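Asker: A single structure is presented below for examination.
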Amino acid sequence: MPNPSETALRNATIAVLVENEAGILARVVGLFSGRGYNIESLTVAPVDDARRLSRITIVTSGTEMVIEQIKAQLDRLVPVHKVSDLTLEGPHLARELALIKVVSRGENRVEALRLAEAFRARVVDATTESFVFELTGAGDKIDAFCALMQPIGLAEVSRTGVVAILRGPSGLS
Amino acid sequence: MSASPETLAATRTMNGAEIVLQALKDNGVEVIFGYPGGAVLPLYDAIFHQNAIRHILVRHEQAAVHAAEGYARSTGKVGVVLVTSGPGATNAVTGLVDALMDSIPVICLTGQVPTHLIGNDAFQEADTTGITRPATKHNYLVKDINKLAGVMHEAFYVAKSGRPGPVVVDLPKDILIGKGPYTEAPTTPHRSYRPKTRPEPQAIQAAVRLLKGAKRPIVYAGGGVINAGPEASRLLTEFVRLSGMPCTNTLMGLGAYPAEDRQFLGMLGMHGTYEANLAMHGCDVMLNIGARFDDRVTGRLNAFSPASKKIHADIDPSSINKSVPVDVAIIGDAAATLAALLECWQQDPTPQDRPALAGWWRQIEEWRKTNCLQYRQEGAIIKPQHAVKRLYEITRELGRETFISTEVGQHQMWAAQYFGFQQPNHWLTSGGLGTMGYGLPAAMGVQVAHPDALVIDIAGEASILMNIQEMATLAQYRLPVKVFILNNEYMGMVRQWQELLHGSRYSESYSAALPDFVKLAESFHARGMRVSDPNQLDAAIREMIAHPGAVIMDVLVEKEESCFPMIPSGAAHNEMILGPGQAGGVAGVTDEGKVLV
């Protein structure tokens, strides 16, 4: 019988510290597509101008063996400084930012505002027939908000993907 | 440090092409394999002005990379390639992937259109770094002349550090012409890429304890041992002899352990020996050193060596647990790992289970009696196995330093089975990518590095045509490479699979309209020979070897001979097919098996 650890899927949030140079994102994305790994979310931005470093946060899923492979494959890319599996390393915060456009009139408009308040979403743009809400939180919170907005005029969603960081004093670099 | 003349020289200004050449010289490069074109003219002009680096003009860019691979594999140095932009770079891609799959250190300098034209679909423009990103270990596009020298030095570091591989440096023409500072190789460690080479002592100790307690151990060594340098092969031999364990080599590892030693079980895998594969299947502790559990080696994964504890030593952490989960992982250079294993073996007080090992050897000797590589040379037609075996025996008897390269297919497997390699770096074959057309240019690269050695490309009549244009390169540089064609008028391995899996429907696998290889050789200023009579084979081989120049020897062999033993695709090690007249016969191949290549 196959060992359950070899077949059970798990999610992993992986933080990767890389040289901020041309082509690095293509290397990482190409690695995932070339080897058939999942990307559920990927975000990237420079985090340290002085040391020319960017941070990539990847949310992926796979068997334990595949996730170990992903980390090892990332780690052997020449411009990669550090690979950290936040899911394994301990409690971490994961956040996403979403801009959500709702187009509605009348009672639906009032309801949209009420829900936004309950979710602590901010109104960042408004017209007489639309709102753009800004919402920050874990992915499932944004999913829930979008689901509630669906029947009352959800028109468009733009999400950043997940950024994540370990809780407590220890860091990545 | 005071400003000595050396440090002053270290920052002198040159044009980009001179910076490239200076960096090559400073990194010990003596020869480059290349083909000129518009984008690299400044580099060719710089080459014209110097004599320190020799340029070998190939006839196709793919061949330049294979030649550099041959040079690298046979010397342990980095092979260097120079090609132009666009088609020059795209032609080189097959060679780059070949070097990537077989972990061969190669630097490929590609020309590029000037930086202001990049992205404009300029003449002979290709997105070289985009195209070669998955084809290389790493690549660079140099857009700032101030970074050129640094990139060149880093390219050498990356190509040869950790698990070696190909590196592309894409050089826009304006960068080659512009002036900038030349800096020497940095002495500080690389910012991000610092592969681990020293194994963890705890892992070594865990491995030694497992191996000492083993009742049925086996050492399975691969190309990583060759890549770690000849010392690694010497240490492997010492370790295997000290421990008394059986040893098998992968296709890429042949020569890491002396083929004629009693403890050597031959190659393992799809066309490996019966004893090697059954020992892998039946072992209780396996030490994999510098091999990667390739699908040609493991056969069906869920039936691969089911009862063994596995130790995997590799310099590349991504090789560990990739396809086969292991019990002990050792990350490190093969030579450092073997040295540590030897030392720990001698110091660790755990007694070795010698009686069990003796019993294991009795079992292995039983398997050996199958004599799985036997064939019968009878009748008027040369058996391909016999041709390789005689080639081996005659070269061994002559005692000249001999290098063997191959193309890809049946002849490659026969070469691996019947040519015994006593030392590393003398066997060159395309293992991972399986590139037909590899052997002739690779042999060329070997001969450039070893002008006095005997270099033979064991070829098939189909493969050889894939880079046959390199015969002109042999002529130009008077490289006395011998091309030994096992001519069965078929793409033999394709034909064999069609026989086994597709009802002998030989779809498009017959080598129709073959050239007359004798005349072909002569037209390329080489000697052409043909032999079809088994009784004249030896004399022909001796004549080929004695000829001072390049030779194409067309050996007409049995047309429908198949390569055995064979583990059919999707089968396990203990389900291998032996040759005709031996036990087994053709086992059924499942549909799942047919899917595999």
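Asker: Filter segment A:24-67 down to the residues that are closer than 21 Å to B:D127 by Cβ and surrounded by 17 or more Cβ atoms within 10 Å (Cβ to Cβ) and list them by number.
Answerer: Once the filter is applied, which keeps residues that are closer than 21 Å to B:D127 by Cβ and surrounded by 17 or more Cβ atoms within 10 Å (Cβ to Cβ), segment A:24-67 yields A:I24, A:R27, A:V28, A:L31, A:F32, A:V44.
Asker: What's the number of the condition A:F131 fails, among (1) over 28 Å from A:E40 (Cα atoms); (2) surrounded by 15 or more Cβ atoms within 10 Å (Cβ to Cβ)?
Answerer: Going through (1) over 28 Å from A:E40 (Cα atoms); (2) surrounded by 15 or more Cβ atoms within 10 Å (Cβ to Cβ) one by one, A:F131 breaks only (1).
Asker: Tally time: how many residues in segment B:183-211 are touching a helix residue (DSSP H, G or I) at 6+ places or on another chain (Cβ under 7 Å), part of a loop (DSSP other than H, G, I, E, B) and either basic (K, R) or buried (at least 17 other Cβ atoms within 10 Å of the Cβ) (or both)?
Answerer: Looking only at that region, the number is 4.
Asker: Then there is this: What number of residues within segment B:277-316 satisfy the criterion of being within 25 Å of B:F564 (Cα to Cα), crowded, with 24+ Cβ neighbours inside 10 Å and touching a Leu at 6+ places or on another chain (Cβ under 8 Å)?
Answerer: Final tally of qualifying residues: 4.
Asker: Looking only at segment B:122-151, filter to residues that are part of a loop (DSSP other than H, G, I, E, B), of a type in the set (D, E, K, R) and within 13 Å of B:A89 (Cβ to Cβ); which one of those is nearest to the other protein chains (Cβ to nearest Cβ)?
Answerer: B:D127
Asker: Among the candidates B:A52, B:A99, B:A46, single out the residue that is more than 25 Å from B:D457 (Cα to Cα), in contact (Cβ under 8 Å) with a residue 12 or more places away in the chain and part of a helix (DSSP H, G or I).
Answerer: None of the other options fit; the residue is B:A46.
Asker: Among the numbered conditions (1) surrounded by fewer than 18 Cβ atoms within 10 Å (Cβ to Cβ); (2) in contact with a Pro (Cβ under 6 Å, 6 or more places away or on another chain), tell me where B:L96 comes up short.
Answerer: (1)
Asker: A:M1 passes all but one of (1) in a loop (DSSP other than H, G, I, E, B); (2) at pLDDT 95 or above; (3) surrounded by fewer than 12 Cβ atoms within 10 Å (Cβ to Cβ); (4) not basic (K, R); which number fails?
Answerer: It is condition (2) that A:M1 fails.
Asker: Here is a follow-up. Anything in segment B:94-121 that is within 13 Å of chain A (Cβ to nearest Cβ), within 21 Å of the chain's Cα centre (by Cα) and not aliphatic (A, V, I, L, M)? List them, or say none.
Answerer: B:S103
Asker: State whether one or more residues within segment A:101-117 are within 25 Å of A:I165 (Cα to Cα) and in contact with a strand residue (DSSP E or B) (Cβ under 9 Å, 6 or more places away or on another chain).
Answerer: no
Asker: Restricting attention to segment B:414-423, and to residues there that are touching a Lys or Arg at 6+ places or on another chain (Cβ under 9 Å) and part of a loop (DSSP other than H, G, I, E, B), which single residue is nearest to B:N467 (Cα to Cα)?
Answerer: B:F419
Asker: Follow-up question, since we're still on this one. Away from every other protein chain (no Cβ under 14 Å), polar (S, T, N, Q) and in contact (Cβ under 8 Å) with a residue 12 or more places away in the chain: which single residue out of B:S161, B:S233 fits that description?
Answerer: None of the other options fit; the residue is B:S233.
Asker: If a residue counts only when it is within 14 Å of chain B (Cβ to nearest Cβ), which helices (runs of 4 or more DSSP H) contained entirely in segment A:57-144 have at least 1 such residues? I'd like the intermediate steps shown before the answer.
Answerer: Values: elements: A:64-75, A:86-89, A:107-118.
Those helices (runs of 4 or more DSSP H) span A:64-75.
Asker: Also: When you scan segment A:141-173, how many residues do you find that are of a type in the set (V, I, T) and within 12 Å of A:L115 (Cβ to Cβ)?
Answerer: Adding up the residues that qualify gives 1.
Asker: Identify, by number, the condition in (1) in contact with an Asp or Glu (Cβ under 7 Å, 6 or more places away or on another chain); (2) crowded, with 17+ Cβ neighbours inside 10 Å; (3) over 19 Å from B:I320 (Cα atoms) that B:G180 doesn't meet.
Answerer: (1)
Asker: Check B:A64 against each of (1) within 14 Å of another protein chain (Cβ to nearest Cβ); (2) surrounded by 24 or more Cβ atoms within 10 Å (Cβ to Cβ) and name the one condition it does not meet.
Answerer: Going through the list (1) within 14 Å of another protein chain (Cβ to nearest Cβ); (2) surrounded by 24 or more Cβ atoms within 10 Å (Cβ to Cβ), B:A64 breaks only (1).
Asker: What number of residues in segment A:159-173 are in a strand (DSSP E or B) and within 12 Å of the chain's Cα centre (by Cα)?
Answerer: 4
The values are calculated or read from the model by the stated rules, or taken from the named source; none is laboratory data. Please read these numbers as outputs of a predicted model, since none were measured by experiment. Cβ atoms come from the backbone with ideal geometry, glycine included; neighbour counts cover every protein chain shown.
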